[in-house]
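The values are calculated or read from the model by the stated rules, or taken from the named source; none is laboratory data. Note that the structure is a prediction, hence the values are computed from the model and not measured. Note that each Cβ is placed from the backbone with ideal geometry, even for glycine, and that neighbours are counted across all protein chains shown. Calculation scope for accessible area: heavy atoms of the full protein, side chains included, ligands and nucleic acids excluded. Shrake-Rupley method; radii C 1.70, N 1.55, O 1.52, S 1.80 Å.
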Amino acid sequence: MAQGKIYPSAASAVADVPDGAVVMLGGFGTPGLPQGLIKGLLSQGARGLTCISNTCFEPRADEYNVARLVENGQVSKLITTFIGRPAQEVPALDLWRAGVLQVEVMPQGILAERMRAAAAGLGGVFVPNVYGHPLDAGLEKRTLNGVEHVLAPPLRADFALIGAHRGDHLGNLTYRLTQRNYNPAMAAAAAVTVAEVREVVAAGGIDPERVVTPGVYVDRLVLEEPS
Amino acid sequence: MAKERMSRDVIAMRVAKELPDGAVVNLGIGIPTLVSNYLPAGSSVVYHSESGVLNYGPLAEEGERDYDLINAGGQFLQWVPGMSFFGSDEAFAMIRGGHVDVTVLGALQVSERGDLANWMLPHRGVGNIGGAMDLAVGAKRVVVAMEHTDRNDRPKLVRDCAFPLTGRRCVSLVVTDLAVIEVAPGGLVLRETAPDWTAQEVQALTGPPLALAPDLKEMEL
């Protein structure tokens, strides 16, 4: 049983992710990657997921990232910026070629800004146009200050699974070094945010001036299980 | 016998000379990541990475890695005084906001107008964008570090990029294993050649015509 926002396990914190959910997965490489929650989602087995993740690299032997969910057939659409090193033949590519997986590759900065737009309740955000990516074609364009911009739509999720360093009982979070990456933006852009942390402390255990993700964005907290 | 070309490390060494003291610099994946190894002692270049760090140090040796501290290429970094951390959203706000002075990027092709193609080999079907498109439009200066020709010895400097573009008219300088070439309003200008290479030999491996800089010289490191 959850006590307030504190859940007893990663499995219990993702038990209600339904088939077809839109799920953001934090992390830039390994830092900030919520590996326990991804493991939980793997055993929980929800299918038809739309997963939003910075990269989709082949995981190391002991690593759990979005590629595990893709390989397990749980993902029907992948939104990412980097699908695997150029020489790497990743399962996501095979599934895309087989027509089983939709893949949308977008620039990192636009991905982040779309999350911020969702987080802030904006109808979209004009970003300087970048060229050749899938958004270039279908979006409203406007020249502002002499530069062509596109209106990037907000990107929301049903769930955000994020990794952080320390969390208190109210869900306030801190991160360590480059663990932060997309995690604060995802936390604010999802209806339900689940954070996996290395340390849970009582309210007051984090200097309020150091809180990076305020607890209002965090619904569930689980302690990272030792690997 | 084929003439000797400069190594990837020597390309990086030459690029390092393009980074002025105090500049905020973002290095892309590939040859660009080598550039940080060749800055002169005492250089005050500040490195920026999309992973959300400013002012990071050299790459960390095996055994001294902190698994929470990486650059955008996933390489582990050393701690140095004066680092700061932020989210990737802010890392891109810095790029678009004009706070990154120079980015060094790899390339598949660069056109004579400075168009850059570096994110997709069409036969693969799905590309890797990463931060390159945002850097191409946001960084104040884009320097490309690449091999002069592809693996079939075809020019990578071309009239028009055949591969999908990362950015239009964004590249200002190209450093290759054969030459240093400036993208000027009127086209490409050959500024330096690799040791033992003549301008004619470089031209033979380059798509568009190269104008010769008045002070054309052998590359100095």
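What is the sum of charges, Lys and Arg at +1 and Asp and Glu at -1, for the other residues whose Cβ falls under 11 Å from the Cβ of A:Val75?
+2
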query: Across all directions of projection, what mean area in square nanometres is found for the Cα convex hull of region B:67-155?
result: 7.8 nm²
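Show me the GluC sites (Glu not before Pro) within region A:1-107 that DSSP assigns to loop and that have at most 14 other Cβ atoms within 10 Å of their Cβ. Walk me through the numbers on the way to the answer.
Numbers: sites: A:Glu63, A:Glu71, A:Glu89, A:Glu104; in loops: A:Glu63, A:Glu89.
Those that pass, being in a loop and sparsely packed, are A:Glu89.
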message: Which of the three applies to chain B, rounded, prolate or oblate, going by the alpha-carbon gyration tensor with a ≥ b ≥ c and a/c under 1.5 meaning rounded?
response: prolate
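Mind putting a number on the dipole of the protein assembly as shown about its Cα centre? Charges go on the C-beta only, +1 for Lys and Arg and -1 for Asp and Glu, and I need it in Debye to the nearest 20. Show your work: numbers first, answer last.
Numbers: 38 positive and 50 negative charges, 174 e Å.
So the dipole magnitude of the protein assembly as shown works out to roughly 840 debye.
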message: Of all beta bridges DSSP finds with both residues in region B:64-221, what is the antiparallel percent, to the nearest 5?
response: 50 percent
- request: May I ask which residue of A:Phe57, A:Gly163, A:Ala112 lies farthest towards the positive end of the charge dipole of the protein assembly as shown, with charges of +1 (Lys, Arg) and -1 (Asp, Glu) on Cβ and the Cα centre as origin?
  value: A:Ala112
message: Could you sort B:Lys3, B:Lys17 by their accessible area in this structure, using a 1.4 Å probe and putting the largest first?
response: B:Lys17, B:Lys3
task: Starting from the Cα gyration tensor of chain A, take the square roots of the eigenvalues, sort them a ≥ b ≥ c, and report rounded, prolate or oblate (rounded when a/c is under 1.5, otherwise prolate if a/b is larger than b/c, else oblate).
output: oblate
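Roughly what % antiparallel, to the nearest 5, for the DSSP beta bridges in the protein assembly as shown?
Numbers: 31 of 81 bridges.
Taking every DSSP beta bridge with both residues in the protein assembly as shown, the antiparallel ones total about 40 percent.
When Cβ neighbours within 10 Å are restricted to other protein chains, what is their mean count per residue of peptide A:146-158? Display every interim value, and only then the final one.
Working: counts 0, 1, 2, 0, 0, 0, 0, 0, 0, 0, 0, 0, 0.
Mean shielding count: 0.
Pop the C-beta distance of B:Asp9 and B:Leu121 into the FRET formula with R0 = 25 Å and round what comes out to the nearest 0.05. All intermediate terms of the calculation are to be shown ahead of the outcome.
Working: r = 25 Å, r/R0 = 0.99.
The calculated FRET efficiency here is 0.50.
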task: Provide, in order from the shortest bin, the percent of all Cα-Cα pairs of the protein assembly as shown in each 10 Å bin, continuing until the bin that contains the maximum pair distance.
output: 4, 21, 30, 25, 13, 5, 2, 0
field: Within chain A: Cβ-based charge dipole about Cα centre, in debye rounded to nearest 20 (Lys, Arg +1; Asp, Glu -1)
entry: 220 debye
task: Just the number, please: percent antiparallel of the DSSP beta bridges in region B:38-146, rounded to the nearest 5.
output: 65 percent
message: Among A:209-222, B:138-151, B:195-208, how do they line up by average Cβ neighbours within 10 Å per residue, starting with the highest?
response: B:138-151, A:209-222, B:195-208
query: Which whole number gives the average count of other chain Cβ atoms within 10 Å of the Cβ atoms across peptide B:133-143?
result: 4
- prompt: How far apart, in nm, are two points set 7 Å out from the Cα along the Cα-to-Cβ line at A:Leu122 and at A:Glu104?
  reply: 1.8 nm
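Is the shape of region B:1-109 best called rounded, prolate or oblate, per the rule: a/c under 1.5 gives rounded, else a/b larger than b/c gives prolate, else oblate, with a ≥ b ≥ c the square roots of the Cα gyration tensor eigenvalues? All intermediate terms of the calculation are to be shown ahead of the outcome.
Values: a/c = 1.70, a/b = 1.42, b/c = 1.19.
Judged from the Cα gyration tensor, region B:1-109 comes out prolate (a/c at least 1.5, a/b above b/c).
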- prompt: So what is the calculated 222 nm ellipticity per residue for chain B, using -39500 (n - 2.57) for each DSSP H run with n of 4 or more, over all residues, to the nearest 500 deg cm²/dmol?
  reply: -4000 deg cm²/dmol
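FRET efficiency for A:Glu225 and A:Ala203, Cβ-Cβ distance as r, R0 = 30 Å, nearest 0.05? Provide the component values of the computation, followed by the final result.
On the way: r = 23 Å, r/R0 = 0.78.
The formula returns an efficiency of 0.80 here.
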- prompt: Going by alpha carbons, how many degrees (0 to 90, nearest 10) lie between the helix axis of A:35-44 and the longest principal axis of chain A?
  reply: 90 degrees
- prompt: Helix A:108-119 versus the longest principal axis of chain A: what angle, 0 to 90°, nearest 10, using Cα atoms?
  reply: 60 degrees
field: Modelled FRET efficiency - R0 51 Å, B:Asp153 with A:Arg47, Cβ distances, 0.05 increments
entry: 0.60
